[in-house]
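A quick write-up on the structure given underneath.
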Amino acid sequence: MAIDVKIEVRNLYKIFGPQPKKAMAMLEQGLEKEAIFEKTETTVGVQDASFEIYSGEIFVIMGLSGSGKSTMVRMLNRLIEPTAGQVLIDGEDIIAMSDDQLVKLRRAKLSMVFQSFALMPHMTVLQNAAFGLEMDGIDKSTREKRALQALEQVGLEAWAESRPDELSGGMQQRVGLARGLAVDPDVLLMDEAFSALDPLIRTEMQDELLKLQAKAKRTIVFISHDLDEAMRIGDRIAIMEGGRVVQVGTPEEILQDPADDYVRAFFRGVDPTNILTAGDIATVKQTTIVITEGKNPRAALQRLIKDDRDFGYVLDSERIFKGIISADSLRELIDDSAREQLIQNAFIDDVMSANSSDSMQDILPEVASHPWALPILSDSGEYLGAVSKNLFLRTLHRDQPEDQPVTEQLSNGAV
Amino acid sequence: MRIFNFDEQLIPLDEWIQTFVDWLVLNYREFFQIIKVPVEISLEGLEWLFFTLPPWLIIVAFAYAAWRYAGKRVTVFTVLTFFLIGYLGLWEDTMTTLAMVICSVVFCAVTGIPLGILAGRSDRFEMFMRPFLDAMQTTPAFVYLIPVVMLFSIGTVSGILATIVFALPPIIRLTSLGIRQVHPELIEAALAFGATPWQVLRKVQFPLALPSIMAGLNQTIMMALSMVVIAALIGAGGLGNPVVQGLNTLEIGLATIGGLSIVLLAMVLDRITQGIGQK
């Protein structure tokens, strides 16, 4: 799939307070935020942020409060004026735009959903949903028709004539979402849009958003401090800490290879068995030996002994998985000269395999019930690797650096 | 110590002001007479209206407004008040006062609401306005009454101008407050959807500030009514007249019915405008 960059952020800075220029100079000298604040009472909100947001993806910017994520999203539509850097939307630098151009851009391409809903209390639900269209000068009957369609998308058409304060929090945010959708934006900015809702409603709204996204692919920039939420809806995640973007990647990439201790600590509470699939953790290295189908049993046994392994994985020339052999099953075959000395005769019975898209949760019973590592196959049956008990446990216990001797020893013992 | 010698007047500010006002009156009296014209025209129009319309129609109009915005009890109270005023023989004075009050309030609203909006949107303008508003509210009316008469001569119009000075601050302050109380997220939301600053004002700030602006208007009406007696001192007609006349000739009864009518009228106007503000 060709990647189409929708928004590009280049070396973006935001400095709040009385002396932004001085603070910028101090940053260039390599001073820390805290030192700069002490000297100039100037706060560094966002520091040298650069990343790309692709067309049609849900891009989550995640961080704790004070990490600069809300400032970041407001610089994408210039509700907050950046101190330095560029924001390109479809290749156009919005920082260089005049006020008129900016108003046009916001009307044509961007819309926003707010944490506190920010619905107009003096307007009906329908008028709220039509707000962006009204600003754009679209005539009343057209905008009401489009606003009603947007309300239908979120299931609130029956409430069109109500006032926002007559609605529950979840319903109010649906109106906020409808207001964002009514203008048919290229980019939807969502600032902690579901954070004010109770957990059940929040999950419901996340599903709703994913459903809407499946129908019409928009570029969504979603701000969140909730990791579960980020993992659930994000195609890619940017993690912010103290104004810096510390890592950008898919949830699996970040989970498996955190950039630093901050990110690792962030992910400590996550249940990886929900996020990671068998394909994500399967490995061909070390834990398994791959034996091609034609090999004779004696050579296979020698290979197992040489590498100090108990089990081997047999593939054909197309790397299609055929079966598992063990040192014991091979010996048995070799000792019994009555049997034909073909490697498939040494295959262990009741070997199951898993698909690469199965979650860790799905494969757990299989991994636990056999001494050998569970083979993981692609949809076409191609062997991708295996998941041993130890690999599984090590994935759960991610805090421990991967190359610790204990782990290595354990994994050797079991395979 | 010369510094603490307070026995002599070192700064003759009083003389300076005297000279300044004399100079102003001598050279610019005509200019100030022109300022009067719009007020004069509005007042004449209103007075014509209140004196031409039959009393029953005026009572019906006020009763309808009271019923529509403030409920049954206020409606009954309004009708009783107007009948009482009529039977006390103060109907004409009351109509003059109503015309004066409405005229002052209209001018206060026309100048005060835009100034309040500016003050609400700009901290610097608010800071600049504040001492003037303080002075307008606290300077005893008697101090500027004489210069007003010197510049604008005596009469109802001068009374209205003095009233405007006193009654203008609350509507400016409460308009500014109303604009400032609009939640910043709402303004952010409007901007995010491509609203221009003018659209933000018209579609978000102004409608949301309206209850506060109406409270300011209500206060302005009350303060305008409280100036009725003082305005009568410089020849303005209306309900202030029986009060001033009564005090001058020690006719306590006359002064009292004048005062009573002012209070009742104030209550009627207050209840009705508060009702409008809450709708």
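The values are calculated or read from the model by the stated rules, or taken from the named source; none is laboratory data. Please read these numbers as outputs of a predicted model, since none were measured by experiment. Here the Cβ positions follow ideal geometry from the backbone for every residue, glycine too, while neighbour counts run over all protein chains shown. The accessibility values were calculated without ligands, DNA or RNA, using every heavy atom of the protein model including side chains. Shrake-Rupley method; radii C 1.70, N 1.55, O 1.52, S 1.80 Å.
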Qualifying GluC sites (Glu not before Pro) in segment A:311-352, DSSP loop, other Cβ atoms within 10 Å at most 13:
A:Glu318, A:Glu340
Other chains near A:70-77: what is the mean number of their Cβ atoms within 10 Å of each residue's Cβ?
1
Rounded to one decimal in nm, the spacing of the 7 Å Cα→Cβ label points at A:Asp165 and A:Ser369 is 6.0
Stretchable slack from A:Leu200 to A:Lys145, in nm (0.36 nm times residue separation minus alpha-carbon distance)
16.7 nm
For segment A:115-243, take every pair of Cα atoms, bin their distances at 5 Å starting from 0, and report each bin as a whole percent.
2, 11, 21, 23, 20, 12, 7, 3, 1, 0
With a/c under 1.5 counting as rounded, go ahead and sort segment A:126-191 into rounded, prolate or oblate using the C-alpha gyration tensor (a ≥ b ≥ c being the square roots of the eigenvalues; past the cut-off, prolate if a/b is larger than b/c, else oblate).
oblate
DSSP loop trypsin sites (Lys or Arg not before Pro) in segment B:1-71 with at most 11 other Cβ atoms within 10 Å of their Cβ, which ones?
B:Arg2
Hull volume in cubic angstrom per residue (convex hull over the Cα atoms of segment A:241-390)
123
If packing is taken as the average number of other Cβ atoms within 10 Å across a peptide's residues, how do A:76-82, B:83-89 rank, most packed first?
A:76-82, B:83-89
Going through segment A:25-123, which chymotrypsin sites (Phe, Trp or Tyr not before Pro) have at most 10 other Cβ atoms within 10 Å and a DSSP loop state?
none
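With +1 on the Cβ of every Lys and Arg and -1 on the Cβ of every Asp and Glu, and nothing else charged, how large is the dipole of the protein assembly as shown about its Cα centre, in debye rounded to the nearest 20?
Around 2100 debye, computed over the protein assembly as shown.
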Tell me whether segment A:215-272 comes out rounded, prolate or oblate; compute the Cα gyration tensor, take square roots of the eigenvalues as a ≥ b ≥ c, and use a/c under 1.5 as the rounded threshold.
prolate
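Could you tell me which of rounded, prolate or oblate describes chain B, using a ≥ b ≥ c as the square roots of the eigenvalues of the alpha-carbon gyration tensor, with rounded for a/c under 1.5 and, failing that, prolate when a/b is larger than b/c and oblate otherwise?
Cα axes put chain B in the oblate bin.
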Residue-ordered couplings for segment A:252-264, obtained by feeding phi - 60° into the Karplus form 6.51 cos²θ - 1.76 cosθ + 1.60 and rounding to whole Hz (Gly and Pro as x), are 5, 4, 5, 5, 7, 9, x, 5, 8, 4, 4, 5, 4
Percent of Cα-Cα pairs more than 30 Å apart in chain A, please.
56
With r as the distance between the Cβ atoms of B:Asn248 and B:Phe32 and R0 = 35 Å, compute the FRET efficiency 1/(1 + (r/R0)^6) and round to 0.05.
0.80
Which residues' amide hydrogens lie under 5 Å from the amide hydrogen of A:Met240, considering only partners 5 or more residues apart or on another chain, with H built in the peptide plane?
A:Met62, A:Gly63, A:Val246
For A:His370, B:His183, what's the largest-to-smallest order of accessible area, 1.4 Å probe?
B:His183, A:His370
Note, segment A:211-223: 3J(HN,Hα) by Karplus (6.51, -1.76, 1.60, θ = phi - 60°), whole Hz, Gly/Pro = x, goes 5, 4, 5, 5, 6, 10, 6, 10, 8, 10, 9, 10, 9
Taking a probe of 1.4 Å and leaving out DNA, RNA and ligands, segment B:129-267 shows per residue an accessible area in Å² of 40
Considering only protein heavy atoms and a 1.4 Å probe, what is the carbon-and-sulfur percentage of the accessible area of the protein assembly as shown?
57
Average other protein chain Cβ within 10 Å of Cβ, residues A:113-124:
4
Cα to Cα, under 23 Å, and not fewer than 8 places away if on the same chain: which lysines meet these conditions relative to A:Lys21?
A:Lys33, A:Lys39, A:Lys69
Principal axis box of segment B:108-215, alpha-carbon based, largest edge first, Å:
54, 24, 21
Give me the accessible area of A:Met190, 1.4 Å probe, in Å² rounded to the nearest 10.
0
Residue farthest toward the positive end of the dipole of chain B, with Cβ of Lys/Arg at +1 and Asp/Glu at -1: which of B:Ile252, B:Gly238, B:Leu186?
B:Leu186
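Using only Cα atoms, figure out Rg for segment A:293-351 and give it as a multiple of 2.2 N^0.38 Å.
1.03
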Buried solvent-accessible surface, both chains (A, B), 1.4 Å probe, Å² to nearest 100:
1700
Semi-axes of segment B:1-92's equivalent ellipsoid from the Cα gyration tensor, sqrt of 5 times each eigenvalue, largest first, rounded to whole Å?
51, 23, 12
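Just to be sure I understand: of the beta bridges DSSP finds with both ends in the protein assembly as shown, what percent are antiparallel, rounded to 5?
Taking every DSSP beta bridge with both residues in the protein assembly as shown, the antiparallel ones total about 60 percent.
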For segment A:142-295, what is the percent of antiparallel DSSP beta bridges, rounded to the nearest 5?
50
With all protein chains in place and a 1.4 Å probe, B:Thr19 shows an accessible area in Å² (nearest 10) of 90
Could you give the accessible area per residue of segment A:67-178, probe 1.4 Å, as a whole number in Å²?
39
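How shielded is A:96-102 by partner chains, expressed as the average number of their Cβ atoms within 10 Å of its Cβ atoms? Spell out each step's value before the answer.
Values: counts 0, 0, 0, 2, 1, 0, 2.
Shielding by partners across A:96-102 averages 1.
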Which of the residue pairs A:Lys104/B:Lys203; A:Lys322/A:Lys389; A:Lys145/A:Lys215; A:Lys145/B:Lys203; B:Lys203/B:Lys279; A:Lys140/A:Lys217 have a Cα-Cα distance greater than 23 Å in the structure shown?
A:Lys140/A:Lys217
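Dividing the alpha-carbon radius of gyration of the protein assembly as shown by 2.2 N^0.38 Å (N being the number of residues), what value is obtained?
Details: Rg = 39.9 Å, N = 694, 2.2 N^0.38 = 26.4 Å.
Output field value: 1.51.
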Describe numerically, in nm with one decimal, the distance between label points set 7 Å from Cα along Cα→Cβ at A:Arg10 and at B:Leu80.
7.8
